[in-house]
Amino acid sequence: MTHGDPGVTALASPNLALVKYWGKAPGGVNLPATPSLGISLAALETRTVVRRLAATSQSNDRVEIAGEPQRSSRFEDFFENIRSELGAEIRFDAQSRNNFPTAAGLASSASGFAALSLACAELCECPLSPAKLSAIARVGSGSAARSVFGGFVVFPAGSPAAESFAPPDHWPELRVLICRVSESEKAISSRAGMEHTRRTSPFYENWVTDAESVYNRACRAVEQRDLEGLGEAMRESYLRMFATMISAGPPFLYWQPESVALIHLCERLRRNGIAAWETMDAGPQVKILTLSSYVPMVRAAVEQELTTAHVLESEVGLATRLAERGPS
Ligand code: 2P0
């Protein structure tokens, strides 16, 4: 089937939202209702190889993640859109691997669709601008629009594409401790969760209206490398996002007891003068923003609090890119 065909390999990192995208605007596919600001996580990586399915094949595009065939319904719209954007007629065969758990609240769909978009475009020999690539990746998953870029990335409300805000080396001391408290897949996908929230939470409209000012404060704090200012805006963003979920009908909660323990731990650390600003996404994992000089202390505190937690340190990462071609 793919004998000897090396295909095209792309690498992408998930993009951690410091200010959250949660809810879709009308008028397009995965247009965000709220502006978001995120960073690429260097320590997490998706590697995707895309090959051309044989011309005689009548079959659909194929996607495997870690060797497991995926439901084609999750990818149909994405592939139809990218074929139309690239003016290509081919069918794609994609094999993807993550160096972290899939669908566990670590933004695997963001890095997955970013890598897939770049590899498909390269396979069709269609170089695309980052903005175009971002808009194509967005059709797969809203957060993938941010994952196309490295460093600090913004995704304005209603925009078809994300934009670079600052390069990866803008804030060299910044670190993220990714604290994995659970490896199980989440019961409710982000997509279903945000739609349910939009339809049923009486807080949803306020969440959208309020998001702009939190986002503006966070952007200013990033510009000024002000971790306290950023941390305060980050906490408002994630906690208000979760307020829309626990006020939905019926409510739902991604948090586990270990997540709550780490939220309290960060508060204790800050009271003791140690910069540790947590955020969470659609899953139980806790990500702690800190500075390189505090990493040993924060890591030790997390490991003492939760002996089962798996802690991974990350710097701010690079944009989605092609892997170097190995010897043929
Ligand atoms: C984010 N999340 O900004 C937010 C914070 C989760 C919480 O973007 O429906 O998987 O594919 O656009 O991108 C997760 O939502 O949802 C997400 P779709 P996606 O990172």
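The values are calculated or read from the model by the stated rules, or taken from the named source; none is laboratory data. In this text the structure is predicted, and so the values were computed from the model without any measurement. Neighbour counts run over all protein chains shown; Cβ positions are idealised from the backbone, glycine included. Each accessible area value is taken on the protein alone, full model and side chains, heavy atoms only, with ligands, DNA and RNA left out. Shrake-Rupley method; radii C 1.70, N 1.55, O 1.52, S 1.80 Å.
Quote the convex hull volume per residue of the stretch 16-154, based on C-alpha atoms, as a whole number of Å³.
111
Among residues other than Ala323 whose Cβ falls under 13 Å from its Cβ, what is the net charge (Lys/Arg +1, Asp/Glu -1)?
Taking every other residue near Ala323 into account, the sum is +1.
Please give the length that would be gained between Ile188 and Leu322 if that part of the chain were fully extended, namely 0.36 nm times their separation in residues minus their C-alpha to C-alpha distance (nm, one decimal).
45.1 nm
On a C-alpha basis, how far is the centre of the stretch 142-205 from the centre of the stretch 10-82 in Å? Whole number, if you could?
Result: 13 Å between the Cα centres.
Please calculate the 1.4 Å probe accessible area of Tyr254, with all protein chains present, and give it to the nearest 10 Å².
In the full protein context, Tyr254 sits at about 20 Å².
In whole angstrom, and with the biggest value first, how far do the Cα coordinates of the chain range along each principal axis?
In descending order, the Cα extents are 64, 45, 35 Å.
Provide the FRET efficiency to the nearest 0.05 for the Asn99-Arg199 pair, computing r from the beta carbons and using R0 = 51 Å.
E between Asn99 and Arg199, to the nearest 0.05, is 0.90.
Against the longest principal axis of the chain, how steep is helix 257-271, in degrees 0 to 90 to the nearest 10, with axes from Cα atoms?
It works out to around 50 degrees.
Using the Karplus equation 6.51 cos²θ - 1.76 cosθ + 1.60 (θ = phi - 60°), what ³J(HN,Hα) coupling, rounded to whole Hz, does each residue of the stretch 208-224 give in order, writing x for Gly and Pro?
My calculation for the stretch 208-224 gives 5, 4, 6, 4, 4, 6, 5, 4, 4, 5, 5, 5, 4, 5, 5, 3, 8 Hz in order.
Can you work out the accessible area per residue across the chain, with the rest of the protein chains kept in place, probe 1.4 Å, in square angstrom?
Per residue, the chain has an accessible area of 44 Å².
Ordering Lys132, Lys24, Lys287 from largest to smallest accessible area (1.4 angstrom probe), what's the sequence?
Lys132, Lys24, Lys287
Show me the three semi-axes of the equivalent ellipsoid for the stretch 94-159, from the C-alpha gyration tensor (sqrt of 5 times each eigenvalue), largest first, rounded to whole Å.
Each semi-axis is √(5λ); the values are 18, 17, 9 Å.
If I take R0 = 35 Å and measure r between the Cβ atoms of Asn272 and Arg74 in this structure, what FRET efficiency does the formula 1/(1 + (r/R0)^6) give, to the nearest 0.05?
0.20
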